[in-house]
Amino acid sequence: MARVVRPGGRLVLAVWTPDGNVFGMFKVIKQYMPKPEGQPPASPFAWGNTERLMELLGDAFELRFERGTSYYREPDAKAAWRTFVEGYGPVQTLAGKLDAERRNRFESDFVAFHEEFQDELGITVPRDYLIVQGVRR
């Protein structure tokens with residue numbers, strides 16, 4: 001990124017944290033994905049680790065971090081499944097490639113994950129994020 005940001009230029013990233021509920025949801029999804037051949041790619045959640053960001057960007061950028069939480073709400077856990085399987089490309093594609101038995105287990109595990117966030121409004125999933133602000137040195 002340092003190659004494309006001139007000195008004094010700004011960089012801003014919004015990333016999910018590696019210890020938050022979005023990561024937890026992706027752990028459920030990953031169980032149903034095919035194993036990658038060779039060396040698996042680095043986790044995109046590494047971008048939510050401030051120490052890793054300092055390693056990657058700290059020499060070229062003056063970095064500042066701000067944490068926050070957004071909330072994903074649905075009437076119930078089944079509605080969360082429908083939202084993701086109908087409207088989130090990676091889940092839609094994955095579910096479409098699974099045989100009926102694995103797809104049903106995937107749905108069951110996905111719904112069970114979201115049921116842990118049941119409240120009087122339906123489900124409310126807190127999703128921790130990190131805002132990374134950098135100024136190019």
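The values are calculated or read from the model by the stated rules, or taken from the named source; none is laboratory data. Please read these numbers as outputs of a predicted model, since none were measured by experiment. Every residue, glycine among them, receives a Cβ derived from its backbone with ideal geometry; neighbour counts consider all protein chains shown.
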Suppose the filter is at pLDDT 95 or above, touching a helix residue (DSSP H, G or I) at 6+ places or on another chain (Cβ under 6 Å) and not β-branched (Val, Ile, Thr); does TRP16 pass it? yes
Selection from the range 85-127 of residues that are modelled with pLDDT of 95 or more and either touching a Cys at 6+ places or on another chain (Cβ under 9 Å) or assigned to a loop (DSSP other than H, G, I, E, B) (or both): TYR88, LEU98, ASP99, GLU116, PHE117, GLU120
Cross-chain or 6+ apart pairs with Cβ under 6 Å, the range 16-44 first and on the phi < 0 side of the Ramachandran plot, then assigned to a loop (DSSP other than H, G, I, E, B): PRO18/ASN49
Being among the basic types (Lys, Arg), closer than 18 Å to ASP19 by Cα and touching a residue at least 40 places away in the same chain (Cβ under 8 Å) narrows it down to one of ARG64, ARG102, ARG127, so name that one. ARG127
Conditions: (1) exposed (fewer than 15 other Cβ atoms within 10 Å of the Cβ); (2) under 22 Å from VAL15 (Cα atoms); (3) among the basic types (Lys, Arg). ARG127 meets all but one. Number of the miss? (1)
